[in-house]
Structure formats: structure tokens, C-alpha cells
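The values are calculated or read from the model by the stated rules, or taken from the named source; none is laboratory data. These numbers were taken from a predicted model, which means no experiment stands behind them. Cβ atoms come from the backbone with ideal geometry, glycine included; neighbour counts cover every protein chain shown.
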Amino acid sequence: MPGGTYLWSPGGETTQSISVPTANGTYLVVYTLNGYPRISEVATVTTVARPSVAVTEINNEITSDQNGATYQWVDCNNGDVTIPGATGQTYIPTINGSYAVIADLTGCIDTSTCTIISTIGIDEINGIGFTFHPNPTTAIIHLTGISEVNLNYEVIDLMGEIVLKGILDSSFTVDLSNLPKGWYTLHLDGKMKTRIIKD
């Protein structure tokens, strides 16, 4: 309301509006017009922490450093268009490019800087340290070149979501029969990976 004066408590500021600190609190304003003070309603301000915009990239896998948020990965090279289904904390790109994550932490939203991925190449596609057959497959793949059992494996779809995981037994096989047709990445013991085509 024009023409009067304002006095905020706490803080003692005299402007019509104020910026509140990051701490939660209760704020009161006394508005005085023509010598008559009028106490406004008490406002309780609850602040929400901004999500971290930091990401970590290891072996072409990008992970938001912010835990407990909701996530949406975007393609920076295509006008920050959202990547369908890429809503996990970790995203595994299938092609070289530039990617960022939008993190929503209890309603406070922020976007990371873009991370450039430029080393997706022949090693990742052909696999490192082991081979498998058949490829494409309709169900079961057989791994060769491995002597250890009890290795952890994960099958990850194009959106970076883990769709299957387990422990490799002495049959050295992984059953993909319950997965829909598509392209997947098989991670073995978190160190080796290869591409799979499910027919």
C-alpha cells in the first residue's frame, strides 16, 4: 500500500518487500499510515534447499550428485530436449553428445551444466575382456572368456535404467527372455560392458 512505512521483524528492514535468509522463520511487518500502525498477518517462511547441480562422470556413465531428488536427463545438443525414460539418478548415454540433468528436490528445481561424452566407441560396443553369443538374441546369451563365477551383472536399457541384474553362475549365461526387444548394455562386475540386441 503506497504512502506508508514498513518495519519488518526480525531484521528491522523498512522496504515493502524483503528477501528472507536461507533459515526457516516467522516474519512480521508493521505498516504505519498517517501515524497509525497496523500489524499485518504473521508469515511463516519455509525455505527449501536447492538441489546440487554437480554430476560425476565415470566411464561414460553420468550420475547426479544430488540424492533423493527426482531426475530428468536432457540432450544439450538438441535444445535441452528431455530424453524419454531417462529419469534415474544415473544416465548411460548410448551415443556421444552433451547431457545435463534437471533435479527436483521437494519442489526446488535446478539444472546441471552439460557433460560432454565423446569416448563411446568400438571398445564399448564390442566388449572388453569377454565375448558372448548369439547377438542378436531372443533369450539367453552365453558368455565366454570368463573364468570367475559369482560376478555381478546388470542389464541397462537405452534410457540408462537397470532392467535386470543378478549374479553370474557357472553356466555363464544371462536370460533376457523377459525383456522387450531393443538395445541393451551388459555390465559385468562394474568393469566390463558390451552391447546386446534383443530380438
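Brief remarks follow.
- Qualifying residue in region 120-129 (condition: at negative phi and modelled with pLDDT of 90 or more): no
- Within region 1-11, the set of residues being out of contact with any strand residue (DSSP E or B) (no Cβ under 8 Å at 6 or more places or on another chain) and modelled with pLDDT of 80 or more is empty.
- Ile140 being at pLDDT below 80, farther than 23 Å from Thr90 by Cβ and in the same structural domain as His187 (by TED's automatic domain parsing): no
- Selection from region 62-71 of residues that are touching a strand residue (DSSP E or B) at 6+ places or on another chain (Cβ under 9 Å) and surrounded by fewer than 18 Cβ atoms within 10 Å (Cβ to Cβ): Asp65, Gly68, Thr70
- Some residue of region 77-98 being at pLDDT 95 or above and under 16 Å from Ala54 (Cβ atoms): no
- For region 67-123, the set of residues classified as assigned to a loop (DSSP other than H, G, I, E, B) and in contact with a helix residue (DSSP H, G or I) (Cβ under 8 Å, 6 or more places away or on another chain) consists of Cys114 only.
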